[in-house]
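A.B. asks: A single structure is presented below for examination.
The values are calculated or read from the model by the stated rules, or taken from the named source; none is laboratory data. Keep in mind that this is a model prediction, so the values were computed, not measured. Reconstructed Cβ throughout: ideal geometry from the backbone, glycine too, with neighbour counts over all protein chains shown. Just the protein is used for accessible areas: all its heavy atoms, side chains included, with ligands, DNA and RNA removed. Shrake-Rupley method; radii C 1.70, N 1.55, O 1.52, S 1.80 Å.
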Amino acid sequence: MSKQLLQVKHLTVDVEQKEILHGIDLNINAGETHVLMGPNGAGKSTLGYTLMGNPKYHVTGGEILFQGKDITDEAADKRAKEGIFLSFQNPVEVPGITLASFIRSALEQRRGKRLRLSEFRKELNAAMDILQMDHSYADRDLNVGFSGGEKKKAEILQLLMLRPALAILDETDSGLDVDAVRTVSRGVEEYQKDKQGALLIITHSTKILEALQVDATHVLVDGKLVAAGDGSLVEEINENGFERFLNA
């Protein structure tokens with residue numbers, strides 16, 4: 001039986017004193033892949049940012065348990081060290097720090113020890129090869145001058161290197177062409193092989209899901225989870241949209 005990794009209990013969240021999420025309940029076990037779908041403005045990204053601990057999102061009710069520990073009030077950096085990862089819709093540019101330096105620093109924080117440069121580079125290059133990334137990108141400033149697809153690849157590169165216990169992918173496939181989606185999906189599939197880390201994939205599209213095993217699908221409408229099912233629910237939404245959920 002899979003170990004319970006994340007428990008979200010009756011979670012309510014507001015942003016600038018406006019309640020966005022209303023009584024969310026969600027359970028994710030180790031090794032599972034969950035998909036969160038819903039129309040624009042439903043609150044999907046709000047849930048992702050709240051789980052990561054972004055201070056802009058205020059928990060006004062309920063609790064978040066991660067690996068059996070209450071993290072509702074924990075800071076984002078502490079959650080990251082404990083194994084929660086969030087990829088962004090629009091990754092920011094960070095001049096003055098290279099992609100390699102950023103990942104190495106994060107990895108040392110995650111593992112709690114210094115890494116030999118040669119061993120780190122070998123591991124990094126292997127992960128970049130999976131994503132068909134030119135190794136020269138490692139020595140470029142983080143996301144500076146990167147295309148949209150390159151930024152998303154850099155996010156998935158971090159995922160492969162950090163191997164978090166819970167990875168939250170927020171619209172990772174947005175704005176990508178077909179080839180870039182395939183490459184990003186390949187990286188997510190590689191992470192999935194571990195069978196230990198769990199995924200929460202927030203998406204409008206189903207392209208990134210085509211090669212992945214989906215254990216559960218959740219539909220969020222107006223800040224409420226209104227439906228849940230297995231991977232077949234993704235196919236239904238792909239064919240018919242969200243109309244029946246909006247009506248409900």
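A.B. asks: Against the condition in contact with a Pro (Cβ under 9 Å, 6 or more places away or on another chain), free of Cβ contacts under 8 Å to residues at least 60 places away in the same chain and open to solvent by 20 Å² or more (accessible area, probe 1.4 Å), how does Asp141 come out, does it pass?
C.D. replies: Yes: the conditions hold for Asp141.
A.B. asks: Let me spell it out: the conditions are (1) farther than 24 Å from Phe66 by Cα; (2) open to solvent by less than 40 Å² (accessible area, probe 1.4 Å); (3) touching a helix residue (DSSP H, G or I) at 6+ places or on another chain (Cβ under 9 Å), and Phe242 meets all of them except one. Which number is the exception?
C.D. replies: (3)
A.B. asks: Also, I was wondering about something else. Tell me, which residue of segment 109-129 that is of a type in the set (Lys, Arg) and at pLDDT 95 or above is surrounded by the fewest Cβ atoms within 10 Å (Cβ to Cβ)?
C.D. replies: Lys122
A.B. asks: Of the residues that sit in segment 39-91 and are among the acidic types (Asp, Glu) and in a strand (DSSP E or B), which one is surrounded by the most Cβ atoms within 10 Å (Cβ to Cβ)?
C.D. replies: Glu63
A.B. asks: Determine whether segment 229-237 contains at least one residue that is modelled with pLDDT of 90 or more, out of contact with any helix residue (DSSP H, G or I) (no Cβ under 7 Å at 6 or more places or on another chain) and open to solvent by 70 Å² or more (accessible area, probe 1.4 Å).
C.D. replies: The answer is yes, given that some residue of segment 229-237 is modelled with pLDDT of 90 or more, out of contact with any helix residue (DSSP H, G or I) (no Cβ under 7 Å at 6 or more places or on another chain) and open to solvent by 70 Å² or more (accessible area, probe 1.4 Å).
Here's the yes/no breakdown for (1) in contact with a strand residue (DSSP E or B) (Cβ under 9 Å, 6 or more places away or on another chain); (2) over 21 Å from Leu157 (Cα atoms); (3) in contact (Cβ under 8 Å) with a residue 12 or more places away in the chain:
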| position | (1), (2), (3) |
| --- | --- |
| Asn54 | yes, yes, yes |
| Tyr57 | yes, yes, yes |
| Thr60 | yes, yes, yes |
| Glu63 | yes, yes, yes |
| Lys81 | no, no, yes |
| Ile84 | yes, no, yes |
| Glu93 | yes, no, yes |
| Ile97 | yes, no, yes |
| Phe102 | yes, no, yes |
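A.B. asks: Among the candidates Gln192, Gln196, single out the residue that is surrounded by fewer than 21 Cβ atoms within 10 Å (Cβ to Cβ), at pLDDT below 85, within 27 Å of Lys69 (Cβ to Cβ) and among the polar types (S, T, N, Q).
C.D. replies: That would be Gln196, the only listed residue that is surrounded by fewer than 21 Cβ atoms within 10 Å (Cβ to Cβ), at pLDDT below 85, within 27 Å of Lys69 (Cβ to Cβ) and among the polar types (S, T, N, Q).
A.B. asks: Looking at segment 207-248, which of its residues are in a loop (DSSP other than H, G, I, E, B) and over 15 Å from Asn40 (Cα atoms)?
C.D. replies: Glu210, Ala211, Leu212, Gln213, Val214, Asp215, Asp230, Gly231, Ala248 - these are the residues of segment 207-248 that are in a loop (DSSP other than H, G, I, E, B) and over 15 Å from Asn40 (Cα atoms).
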